[in-house]
Amino acid sequence: MKKYIKSIFKYSLLACMFLSGAACEDYLNVAEDDAISKEEAFKNFTNFQGFTEELYHCIPDFTNRYWTNSWNWGEDEIQSTARDFHFGVKIDNGNFWGWQSEHDGWGAGWMNKSNASRNDDRMSKDLWKNGWYGIRKANMGLENLDKLVDATQEEKDLIKGQLLFFRAWFHFQFIQYFGGLPYIDMVPPGDEVLSYPRLSYQECAEKAGADFRAAADLLPTHWDNSTAGKRTLGKNDLRINKIMALGYLGKNYLWAGSPLMNKESTGNSSYNADFCRRAAEAFGELLTLTEGGQAPYSLLPFSEYSDNFYTTGQNWQMPGGTEAIFRGPYWGAHGSTYGTAKQYQPAPVIEDGDVKFLPTANYVDYYGMANGLPINDITQPDPVSGYDPEYPWRGRDPRFYNDIVFDGVKTVQGSMPADVVQNRYANLFTGGSYRGISTGSRTGYLLYKFIPITANRYDQGHAWGSNLNIHLPWMRLSDVYIMYAEAAAQAYGSASGKATTYSKTAVDAINIVRDRAGVGHVDGQFLGSLDDFMGEVRRERAVELAFEKHRFNDLRRWLLLIESPYTLKKSIEFDRTGAFDTSDPTNNKVVNIREEVILERKFTEKHYWLPLKNADVNMYLEFPQNPGW
């Protein structure tokens, strides 16, 4: 870590507007005598903004960091057995060292890369090295704000707000995985012996919260509404604004108030109501602005739900729409066509490649019924919810049909050679052609949340070609609604809890998300106690944000990662019976339905935190390794 915090960087002068496609890696690799002075680098808004925008290039693209990509590390996903180099497999085996480049033989991970850089190559990004670099760069900018003399007050506020946000954001990303760390809020002198002690998680969160709050107070709700932002009008969607800062202010406080982080800081393994209250207030402020039309964010209609995650067509368009709050830059347009897109369909049945990521059957069970009720037992009929194990795909939450390919779904739309036409429909029953532990489905399901149904070798020529763009946001608006519900409920002890900054209750927020998907409201049976309501909050979070990189950290912060059944990964097994309905697979009857355990993860308390690098923890006594590692 020391070499990242104290690394020497050179100044970037050009206001490289990455939103318009220009490069932002304009360092001056020159002799010391030729270096641009600080006064020149920071003297006006254009120069200072050029310096600042390199911070955006420190954000990794976890969706497309490698040819195939692993980011779901809870009980939500399991990988095919053909390869074992991804971090998700290492986690399944209890090897949490695998996030580090020293333990990542293929260099496929997005958390750490041995030769990370800030250029415009999606495969050069990582979180660890670029994060510490970004913290130092933000501090360098903050220490030189007095040199920004040729600028309006608005321009000064924009610069300072971005720098404060990134300093807090990178610290937050680190502490959620590693626990409390030193909060670096200065540029260490080059001759200083680094000896900053690790703070508790909540001490770090207080410092990050102060930075996020200050950033929110300095920044506009959207740069297009600012005088300076009008110079890049229509190209400001990724620039840090008040809504982004409020979103992470709330998330930072909610995480600090969660059981794992509260236990690390105080020894108490329950929620911290005060941190949850502050989280609810921040989220409430954000939601009041968005619902009041003062910020350009809104939930996408469900008919456009996939725009959150991917776009197709000849004219390149970055996914996200009005719902994406925080995204990093997207490099290599259409690159996911030849990489990420191929990791979801079985090979060689309808696609190439051998690394496949499958939704576990136990996780798919969180997708309840369209009436809003959960499925209590997949083997038993439920007269209340309407679930029928003989027709297990019928009447489900609409998000189930959007995200999951189940037995009988038509996966190939166009023509197929006669000798493979039997694979037009997903043969996911036990023993079906889509099943297989090596390159097929190990679980009886496929994940299509991030790809169109035509993303296969037979349809691609006319249906989507090389124009698929997959890029997941780090935070979207529905996430904020659900985090608000959790924070408000825990702060005030019930589903009717609400912040002073927002007119709606915790349960109202969940129902807003369900309304968009056409799902029934939270049933009254779950509103009588906080524990009952939290079960539905967690289930809603599991469904709405499924496979978007949230589950691993959620299970950790809820102190559930090492508890059964969250340690299990299962498949669904069944046989087809009766006539096969090709027009509506929900009409297909099954028998002998059951779930079988594929994998049980053997975790202990130490697995709640990732291990730090040994080279870093050996620097000085005040920077110890995480317990158990």
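The values are calculated or read from the model by the stated rules, or taken from the named source; none is laboratory data. Predicted model, so just to flag it, every value in this text is computed and none were measured. Neighbour counts run over all protein chains shown; Cβ positions are idealised from the backbone, glycine included.
Limited to region 155-172, what total is found for residues that are surrounded by fewer than 19 Cβ atoms within 10 Å (Cβ to Cβ) and under 15 Å from residue 132 (Cα atoms)?
Step one: list which residues in region 155-172 are surrounded by fewer than 19 Cβ atoms within 10 Å (Cβ to Cβ), which gives 156-157.
So of that shortlist, the ones also under 15 Å from residue 132 (Cα atoms) come out as none.
The number of residues fulfilling the criteria is 0.
Of the helices (runs of 4 or more DSSP H) entirely within region 504-596, those holding at least 1 residues that are farther than 27 Å from residue 298 by Cβ and of a type outside the set (Gly, Ala, Ser) occupy 530-544, 551-557. Restricting 593, 562 to residues that are out of contact with any Asp or Glu (no Cβ under 6 Å at 6 or more places or on another chain), within 25 Å of residue 537 (Cβ to Cβ) and of a type in the set (A, V, I, L, M) narrows the list to 562.
For region 60-88, a residue qualifies if it is hydrophobic (A, V, I, L, M, F, W, C) and either under 17 Å from residue 550 (Cα atoms) or touching a Phe, Trp or Tyr at 6+ places or on another chain (Cβ under 7 Å) (or both), and the qualifying residues are 62, 71, 73, 78, 85, 87.
Within region 72-106, the residues that satisfy the criterion of being touching a Ser or Thr at 6+ places or on another chain (Cβ under 7 Å) and hydrophobic (A, V, I, L, M, F, W, C) are 78, 82, 87. On the given criteria, is residue 428 assigned to a loop (DSSP other than H, G, I, E, B), of a type outside the set (Ser, Thr, Tyr) and within 26 Å of residue 238 (Cβ to Cβ)? No: the conditions fail for residue 428. Do we find a residue being under 22 Å from residue 368 (Cα atoms), β-branched (Val, Ile, Thr) and without any contact (Cβ under 8 Å) to a residue 60 or more places away in the chain anywhere in region 488-510? Checking region 488-510: at least one residue is under 22 Å from residue 368 (Cα atoms), β-branched (Val, Ile, Thr) and without any contact (Cβ under 8 Å) to a residue 60 or more places away in the chain.
One line per residue, one yes/no per condition, for (1) modelled with pLDDT of 95 or more; (2) closer than 30 Å to residue 627 by Cβ; (3) surrounded by fewer than 20 Cβ atoms within 10 Å (Cβ to Cβ):
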site	(1), (2), (3)
238	yes, no, no
252	yes, yes, no
269	yes, yes, yes
291	yes, no, yes
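Take the conditions (1) more than 15 Å from residue 573 (Cβ to Cβ); (2) surrounded by fewer than 23 Cβ atoms within 10 Å (Cβ to Cβ); (3) over 25 Å from the mean Cα position of the chain (by Cα); residue 456 misses just one of them, which is (2).
Show me the helices (runs of 4 or more DSSP H) found entirely inside region 38-146 where at least 2 residues are farther than 26 Å from residue 440 by Cβ. Write out each step before concluding.
Values: elements: 38-41, 45-52, 87-92, 128-143.
Once the helices (runs of 4 or more DSSP H) in region 38-146 are filtered for at least 2 residues that are farther than 26 Å from residue 440 by Cβ, what remains is 38-41, 45-52, 128-143.
In summary, helices (runs of 4 or more DSSP H) completely within region 231-327 and bearing 2 or more residues that are out of contact with any helix residue (DSSP H, G or I) (no Cβ under 7 Å at 6 or more places or on another chain) and farther than 20 Å from residue 158 by Cα occur at 259-266, 273-291.
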